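Asks: Sending over a structure as structure tokens; questions will come in a sec.
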Amino acid sequence: MAPSQKELDEFKLEAESWFDTNTPAQPSFALPDSFMEVGTDEQFNFLRDWQNKVYEAGYLGIAWPKELGGRGMDPAFQNITDAVMAKRKVPFMMNTIGLCWAGPMIMQMGSEEQKQKYIKRILSAEDIWCQGFSEPDNGSDLGNAQLKAVKDGDDYVLNGAKIWTSLGSHADHMILLARTNPEATNKYAGLSFFLSPMKIDGVKPVPLRKITGEYGFTETFFTDARIPASCMVGAEGMGWQVAMATLAFERGASTGQAGGQSMVMLEASQVVDLARRAKRDGKPAIEDPIVRDKIVQFLITERALLLNEKRRSVGALNAERPFAIPLASKLQYSEFRRELCQFAVSLQGSEATLYYGDEQAIDSGFWQRAYFNAFSATIGGGTSEIQRNILGERVLGLPKG
């Protein structure tokens, strides 16, 4: 039975009170912009403790089954909690890969043993997850993954490399796409999907320094790394189907995520405030009509994206193209964030050349750092170019090529 409005209102007041009381103050060190930028132990420990605290209070995994560590409640309660967290700009949930795509995929396609082993520890942040899809020579061409997994008794032996592994230096487990049959005539049929342990012999994550000067990604090398066959999801050769289901969760096309934000929330209203403080020809930038027009466009786009989320839940409004909004959301949000950050930097004139942490920089260079980091979301989970191809082919029915 759907919850009553009274129940939802009471829950919202309860959640607001808890987050008002328990949201931590900004620590003495800089927090990352998203789960993709966690590069230091102090950032990691702070965010891990925060996720665990939110989970123990009952505000994460609300709609996940009780027997797996959730609360077994209507998803509307998690939606309310997420909105409360977003409004208060609380720290994001670092274990995004576990909460938002590995966990839902395991519940949908994993064995009962895998569900019992992994799900609760994903919610509590006892186990941190990373993703092993892209490879040094096969980035967007996921179906051509070449990391080999060779069956040897009750184990598989892994050899190869993955790249752009967010949280690779800290993760306990990796969702891994590997080639179990190099001889398959159909390249997709030669792939299998594993829940691979990270902290074992033969697995070496090497941190990658980004243009921001920060870390967060790694290149992960597998050299005769031995994992149990029980780590496989589904049957051998089913890896492509499992990967596509996982990407549907990652891109927001499928629901069932545990909740929480995956990055620092940015809003057009913050750029309005910046435009009031930044100077152009000795006057506040917001007095420039071109600046005002651009800001209004951002405000309109932001509002449209929010309303699209509401429209997504109304079947009659999606009858003609039911997958249009889910498949477009990742592309729209990631590009909006990048463009908003770019505009915020441009408002600063010559001060735009100052970087994060510079005492002379506006907002300590927050927007410069955010702009560079915004490109991560336009690449991860499929580049914006790939997303446009998906929309053209699966929503509009256009031919490939």
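Asks: Restricting to the stretch 288-306, name every residue that is touching a helix residue (DSSP H, G or I) at 6+ places or on another chain (Cβ under 9 Å) and more than 30 Å from I325 (Cβ to Cβ).
Replies: D288, V291 - these are the residues of the stretch 288-306 that are touching a helix residue (DSSP H, G or I) at 6+ places or on another chain (Cβ under 9 Å) and more than 30 Å from I325 (Cβ to Cβ).
Asks: Among the listed residues F92, F35, F29, F46, which satisfies the condition of being under 27 Å from G216 (Cα atoms), buried (at least 17 other Cβ atoms within 10 Å of the Cβ) and without any contact (Cβ under 8 Å) to a residue 60 or more places away in the chain?
Replies: Every option except F46 fails the conditions.
Asks: Now for a different question. Can you name every one of the strands (runs of 3 or more DSSP E) wholly within the stretch 159-252 that holds 2 or more residues which are farther than 16 Å from A102 by Cβ and under 18 Å from the mean Cα position of the chain (by Cα)? Can you show your working first?
Replies: On the way: elements: 173-179, 191-197, 203-208, 217-228.
Output list reads 217-228.
Asks: Shifting gears a bit: Go through (1) buried (at least 16 other Cβ atoms within 10 Å of the Cβ); (2) over 25 Å from R369 (Cα atoms) and name the single condition A304 misses.
Replies: (1)
Asks: Hey, another quick one. Is one or more of the residues making up the stretch 277-284 crowded, with 19+ Cβ neighbours inside 10 Å and not assigned by TED's automatic domain parsing to the domain that holds M109?
Replies: Looking for residues that are crowded, with 19+ Cβ neighbours inside 10 Å and not assigned by TED's automatic domain parsing to the domain that holds M109, one finds at least one in the stretch 277-284, hence yes.
Asks: Follow-up question, since we're still on this one. Within the stretch 365-388, which residues are closer than 12 Å to E250 by Cβ and not in a helix (DSSP H, G or I)?
Replies: Listed by number, the residues that qualify are G380, G381, G382.
Asks: Checking R209 against (1) farther than 25 Å from G110 by Cα; (2) crowded, with 21+ Cβ neighbours inside 10 Å; (3) of a type in the set (D, E, K, R): exactly one of these is not met. Which one?
Replies: (2)
Asks: Under 21 Å from the mean Cα position of the chain (by Cα), more than 18 Å from S262 (Cβ to Cβ) and outside any loop (DSSP other than H, G, I, E, B), is that true of E7?
Replies: Judged against the criteria, E7 is not a match.
Asks: Among the charged types (D, E, K, R) and at pLDDT 95 or above - does that describe any residue in the stretch 182-196? It would help to see each step written out before you state the result.
Replies: Just the residues of the stretch 182-196 that are among the charged types (D, E, K, R), to begin with: 183, 187.
Filter once more, so that each one left must be at pLDDT 95 or above: none.
Checked against the condition, which is being among the charged types (D, E, K, R) and at pLDDT 95 or above, the stretch 182-196 yields no hits at all.
Asks: Additional query: From E393, E339, grab the single residue that is surrounded by fewer than 21 Cβ atoms within 10 Å (Cβ to Cβ), modelled with pLDDT under 90 and either more than 23 Å from M263 (Cα to Cα) or in the same structural domain as I290 (by TED's automatic domain parsing) (or both).
Replies: Unique residue meeting the criteria: E393.
Asks: Only one of these conditions is not met by L299: (1) in a helix (DSSP H, G or I); (2) free of Cβ contacts under 8 Å to residues at least 12 places away in the same chain. Which number is it?
Replies: Looking at each condition in turn, L299 falls short on (2).
Asks: Looking at I295, is it crowded, with 17+ Cβ neighbours inside 10 Å, at pLDDT below 95 and among the aliphatic types (A, V, I, L, M)?
Replies: no
Asks: Scan the stretch 216-227 and tell me whether some residue there is modelled with pLDDT under 95 and not polar (S, T, N, Q).
Replies: Yes, there is a match, as at least one residue in the stretch 216-227 is modelled with pLDDT under 95 and not polar (S, T, N, Q).
Asks: Among what's in the stretch 365-392 and is without any contact (Cβ under 8 Å) to a residue 60 or more places away in the chain and within 14 Å of A278 (Cβ to Cβ), pick the residue that is farthest from the chain's Cα centre (by Cα).
Replies: Ranking the candidates gives G365 first.
Asks: Go through (1) more than 22 Å from A86 (Cβ to Cβ); (2) assigned to a helix (DSSP H, G or I) for A319 and report which single condition fails.
Replies: Going through the list (1) more than 22 Å from A86 (Cβ to Cβ); (2) assigned to a helix (DSSP H, G or I), A319 breaks only (2).
Asks: I need every pair where a residue in the stretch 166-191 that is within 17 Å of E250 (Cα to Cα) has its Cβ under 8 Å from the Cβ of a residue that is of a type in the set (K, R), sequence separation at least 6 or different chains.
Replies: Final answer for the pair search is M174/K162; L176/K162.
Asks: Here is a follow-up. Checking G234 against (1) without any contact (Cβ under 8 Å) to a residue 40 or more places away in the chain; (2) on the phi > 0 side of the Ramachandran plot, which test does it fail?
Replies: Failed condition: (1).
The values are calculated or read from the model by the stated rules, or taken from the named source; none is laboratory data. Because the structure is predicted, anything quoted here is derived from the model rather than measured. For neighbour counting, all protein chains shown are included, and Cβ atoms are generated from backbone atoms with ideal geometry for every residue, glycine included.
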